[in-house]
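Each remark here refers to the structure printed beneath this line.
Derivation of every value follows stated rules applied to the coordinates shown; laboratory data play no part. Note that the coordinates shown come from a computational prediction; the quantities given were computed from them, not determined experimentally. Glycine gets a Cβ as well: all are built from the backbone with ideal geometry, and neighbour counts include every protein chain shown.
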Amino acid sequence: MDNAEYIVEMKHITKRFPGIIANDDVSLSIRRGEIFALLGENGAGKSTIMSILFGMYEPDAGEIFIRGKKVNIKSPRMATKLGIGMVHQHFKLVSNYTIAENIILGQEPRKKLFGFLPAVDFDRANRDIARLSESYGLKVEPEALISDLNVSSQQRVEILKMLYRDAEILIFDEPTAVLTPQEIEALLNIIRGLRDSGKTIIIITHKLNEIKAIADRCAILNRGRLMAVKDVKETSTAEMARLMVGREVSFTVDKAGAEPGETVLKVEKLTVCNEDGFEAVKDVSFEVKAGEIFALAGVSGNGQNELADAIAGLERVKSGHIFLCGEDITDRTIRERAEEGLAYIPEDRQNVGLVMGFTLRDNLALKSYYGPDFAKKGVLDEEALNDNGKRLIEKYDIRSGKGNETVVSSMSGGNQQKAIVAREIDMEGRLIIFMQPTRGLDVGAISNIHKQIVNERDRGAAVLLISLELDEVMNLADTIGVIYNGRINRIAKASELTVEDVGLFMLGAEKGEG
Amino acid sequence: MKKLIVRLLGGEKRQMLRISVFAIAVSLIVASLIFIVIGKNPISAYGNLLQGSGLMPKRSYAGKQNMFTDFMSFLDALTPMIFASLAVAVALKGGMFNIGVSGMMLAGGFFASVSVGMSELAAPLAKPIVIIIGITAGALVGALIGWLKYRFNINEVVSSIMLNYILMYIFTFFINSYYIDPISRQSTPVSEMSRLSLKAVRTSGLKLDIPLAFPLAILTAVYIRFFMERTTAGFEIKAVGLSRRAAGYAGINISRSIIKTMVISGALAGLAGVTYFCGYMGSIQPGVVPGMGFNAIAVALLGNNDPIGCIFASFLITILSKGAIYLSSKQGVDIEIADLITAVILIFAACGEFIRRFVSRIEAEDILEGGEQKA
């Protein structure tokens with residue numbers, strides 16, 4: 001075994017997609033038993049190269065060696081045989097199956113019923129998984145249904161799935177994107193434990209502080225090219241960030257003190273039901289003033305979506321009122337609210353924020369196509385639409401294959417988000433709701449969007465920022481509200497709260513305790 | 001092999017057009033095999049189809065007929081097909097699967113036939129009124145389907161296919177009771193003044209059928225193209241068709257857009273109805289749901305839901321249906337052979353989207369950013 005210091009070697013990997021080189025002559029060597037991080041902007045090619053390692057794509061050029069042996073990984077099944085496991089960013093679990101059923105799926109332990117009928121041995125599966133979860137300190141209940149689990153437990157199931165298949169090389173694709181600070185801490189501990197028990201870990205992430213916290217070495221990709229492989233201990237986060245985006249990035253957002261003006265948004269005793277008729281938002285009241293960033297912190301699924309949708313008019317209100325500049329807009333249509341100056345960047349970019357089959361140009365005019373700028377007597381002015389598209393593409397640096405004519409479904413997530421932000425900010429609204437505006441984006445794009453959020457505030461707009469990222473909330477907020485279980489359990493000036501306070505309230509601490 | 005497929009069908013430029021042509025080519029090859037199996041020469045069979053449609057000269061003609069008379073008769077059959085396929089295409093663009101074109105055609109045809117068609121109204125007045133009645137009747141049926149969808153969330157596939165039969169039986173009852181021609185067992189033929197096709201017109205020694213509404217069909221297709229691509233209403237219909245949630249987020253009134261889509265689709269189907277029953281046919285056969293309404297689905301798919309594409313696809317399918325009469329008499333095969341070929345084309349046309357996805361998967365999963373999208 002000592003002939004293979006490197007358990008994974010990827011040599012001169014090149015992968016082209018139509019119109020773009022996702023990986024350009026990338027070589028990575030990963031040592032047995034280390035935590036290796038892959039860092040890069042959206043579209044830098046991190047996921048692509050790991051998908052190649054996991055057998056989801058075949059490279060156009062280059063070679064892969066596993067444990068010193070040249071291999072040609074043609075499918076995830078083959079990768080699994082080679083001891084490679086991957087936790088995808090979006091989990092691949094069957095939600096109405098139990099944990100055990102999900103884990104054994106495809107590798108079911110068999111038994112012979114009555115001595116001859118082949119059947120799945122669920123008892124053995126449950127026992128095996130209980131033992132496995134105990135030995136790695138990953139607490140799960142084998143017979144619980146996936147649909148009853150929260151995100152971090154589901155992630156644990158994904159990890160167990162790899163371990164059940166005897167994976168030695170574990171790939172994590174942005175594992176912390178959906179977790180709370182406490183859950184992240186727990187996950188990092190799990191990953192450390194896995195390394196200590198001899199596994200090799202590859203982790204794809206945007207988050208520099210996490211790399212700093214756990215990774216041994218780190219490869220930085222930029223636009224498909226390998227920029228550097230660094231020892232994490234000897235490299236500053238600022239240096240890593242510079243390599244990743246090709247320029248220095250400032251982490252703290254430059255912003256002057258807020259100069260709040262009149263109240264723009266007033267939410268009064270708002271109760272909203274979700275699709276199942278369950279009260280997702282309960283009796284919520286708050287105000288957002290002009291020139292102020294009101295950040296709503298909270299763990300995913302505590303009513304943020306329903307609240308934002310209700311304010312924007314996408315969700316019906318059960319009781320309570322919403323006022324925009326003193327006017328009751330509770331019963332107004334979505335379009336009337338937009339015309340009153342309400343801009344909304346929704347969380348679900350692909351299903352809500354954009355018409356994926358439309359061109360970039362048409363998406364950039366999605367809310368204004370009918371207005372006097374773009375339409376005369378119901379006929380669209382192509383030239384005006386084209387000019388509008390060009391202007392926004394340039395101003396907001398939206399990158400795409402064919403500019404105005406690009407179908408947005410072919411664009412990267414980061415650029416899709418840029419398109420939405422461009423369209424909504426360009427409305428010059430009085431209230432802008434940012435729902436998870438930087439989710440899944442890279443450092444460069446994040447700081448860009450943060451700057452725009454501050455710009456909007458300074459322009460005099462009221463900004464409602466709903467975010468799961470505590471850093472984002474702390475960096476940007478003038479006022480912080482914390483939502484837990486559908487209720488806002490704390491509102492305070494940002495300067496009066498520490499990160500720990502907010503973290504505690506997010507987990508349901510009562511007033512006064514923090 | 002894979003490389004060849006990508007070369008032929010990959011890329012984005014006119015991809016859907018190339019895939020449609022590919023689908024047609026494959027179906028013609030499959031149909032050729034069928035001809036060979038039943039012992040006929042496929043080349044001469046296809047020749048017969050073209051001859052029967054007036055696109056290739058026959059060896060001999062009856063008196064006062066030549067290739068041109070055949071071609072005019074072909075256009076007469078083509079006209080309602082264009083309207084019907086436009087009806088399907090518009091609905092599909094708006095995210096609605098309108099299987100009710102047949103019923104809408106019957107509605108337009110029936111009301112126009114029994115009112116103006118049975119009257120003594122002079123031609124300059126009668127013909128426009130027939131068209132207006134067709135549009136109105138079809139639009140009303142469309143509005144009903146759209147309203148059921150938004151008010152009670154009744155799936156349009158179910159409501160439209162049921163309405164086909166409901167309307168057919170209602171009209172059959174009235175035709176059998178009041179408007180039956182005892183000899184032909186069809187509805188009483190519409191008056192010549194109201195008929196949208198001039199039949200057996202004698203000019204320069206020929207007996208011609210003149211489909212008056214054919215230019216209207218072409219103009220309508222061009223206008224629908226303009227409407228979908230260049231108007232705010234078309235923008236809304238397409239947005240709703242592609243993503244209801246995103247359209248709703250953008251402030252588009254979804255229920256209104258759905259009803260608008262179905263009203264337009266119905267109006268087009270109504271036009272198909274009057275040009276078919278009050279034009280090409282001249283009467284309504286009771287108890288029958290016109291198959292054209294279903295063929296129109298294949299035609300629209302083959303035309304990639306594009307109004308201009310619909311013209312060409314209608315052209316092709318009409319060659320089959322019109323030419324089949326001559327083919328069957330010439331080769332001694334059953335006329336249903338046309339339906340068989342149409343069905344084969346339908347299958348491949350319906351696969352168009354599948355073929356496109358298959359090709360782009362070979363081409364490489366997705367454009368780069370695809371690399372970032374987790375599969």
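Details
- Over the protein assembly as shown, the ratio between the Cα radius of gyration and 2.2 N^0.38 Å evaluates to 1.13.
- Dipole of the range A:354-428 [Lys/Arg +1, Asp/Glu -1 at C-beta], most positive-end residue of A:F374, A:S410, A:I393: A:S410
- Under 5 Å between amide hydrogens, built in the peptide plane, is the criterion, and for A:M227 it picks out A:I220, A:L221, A:N222 among residues at least 5 positions away or on other chains.
- Of the three principal axes defined by the Cα atoms of the range A:188-239, the extents in descending order read 33, 21, 17 Å.
- Theoretical gain in end-to-end length, A:D397 to A:N72 [0.36 nm per residue, Cα-Cα removed]: 113.1 nm
- Segment A:N351-A:I491, extension gain: residue separation times 0.36 nm, minus the distance between their alpha carbons: 47.3 nm
- Stokes-Einstein diffusion coefficient of the range A:354-428, Kirkwood radius over Cα pairs, 37 °C, 0.692 mPa s, in µm²/s: 271
- Helix-only arithmetic for chain A: the sum of -39500 (n - 2.57) across DSSP H runs with n ≥ 4, divided by the residue total, places the mean residue ellipticity at 222 nm at -9000 deg cm²/dmol.
- Förster radius 51 Å - calculated FRET efficiency between B:I218 and A:E428, Cβ distance, rounded to 0.05: 0.70
- Value of [θ]222 nm, deg cm²/dmol, for chain B, DSSP H segments ≥ 4, -39500 (n - 2.57) each, nearest 500: -23000 deg cm²/dmol
- Each label was represented as a point 7 Å from its Cα along the Cα-to-Cβ direction; for A:E500 and A:R131 these points are 4.2 nm apart.
- In this structure, the amide hydrogen of B:L198, modeled 1.01 Å from its nitrogen in the peptide plane, lies closer than 5 angstrom to those of B:I210, B:L212, counting only residues at least 5 positions away or on a different chain.
- Extending 7 Å from Cα along the Cβ direction at A:E259 and again at B:N66 yields two label points whose distance is 8.7 nm.
- Couplings 3J(HN,Hα) for the range B:266-281, derived from phi with the Karplus relation 6.51 cos²θ - 1.76 cosθ + 1.60 (θ = phi - 60°), are x, 4, 5, 5, x, 4, 4, x, 6, 6, 7, 7, 9, x, 4, 7 Hz, where x marks Gly and Pro.
- Cα-based Kirkwood hydrodynamic radius, chain A, one decimal, Å: 24.8
- Plainly put, the range A:6-245 has a radius of gyration that is 0.99 times its Kirkwood radius, both from alpha-carbon atoms, as the Rg/Rh ratio.
- Judged by the gyration tensor of its Cα atoms, with axes a ≥ b ≥ c, the range A:134-202 is oblate; a/c meets the 1.5 cut and b/c is at least as large as a/b.
- Debye, to nearest 20: dipole size of the range A:6-245, +1 on Lys, Arg Cβ, -1 on Asp, Glu Cβ: 680
- The overall shape of the range B:138-227, judged from the alpha-carbon gyration tensor, is oblate: a/c is not under 1.5, and a/b is no greater than b/c.
- The protein assembly as shown - charge dipole about Cα centre, Lys and Arg +1 at Cβ, Asp and Glu -1, debye rounded to 20: 3480
- Chain A: relative contact order as a whole-number percent, Cα under 8 Å and 6+ apart: 15
- By DSSP, the beta bridges lying fully in the protein assembly as shown are antiparallel in about 60 percent of cases.
- Here the calculated FRET efficiency for B:Y169 and B:A350, from their Cβ-Cβ distance with R0 = 22 Å, stands at 0.15, rounded to the nearest 0.05.
- DSSP H segments from chain A that extend 15 Å or more along their own axis, Cα-based, with Kyte-Doolittle mean of 0.0 or above: A:151-164
- Sequence-separation-based contact order of the range B:63-323, relative, with Cα cut under 8 Å and 6+ spacing, percent: 41
- Cut-off under 5 Å, modelled amide H: who pairs with A:V264 long-range: A:V288, A:K289, A:A290
- DSSP finds beta bridges in chain A, and of those with both partners inside it, around 60 percent are antiparallel.
- Inter-label distance for B:L125 and A:F116, nm, one decimal - labels placed 7 Å from Cα along Cα-to-Cβ: 8.8
- Rounded, prolate or oblate (a/c below 1.5 giving rounded, otherwise prolate when a/b exceeds b/c) for chain B by Cα gyration tensor: oblate
- A:A61-B:I34 FRET efficiency (beta carbon distance; Förster radius 45 Å; 0.05 resolution): 0.45
- The charge dipole of chain B, taken about the Cα centre with unit charges on the Cβ atoms of Lys, Arg (+1) and Asp, Glu (-1), comes to about 480 debye, rounded to the nearest 20.
- Positive-pole candidate from B:T318, A:S29, B:F227, dipole of the protein assembly as shown, charges at beta carbon: B:T318
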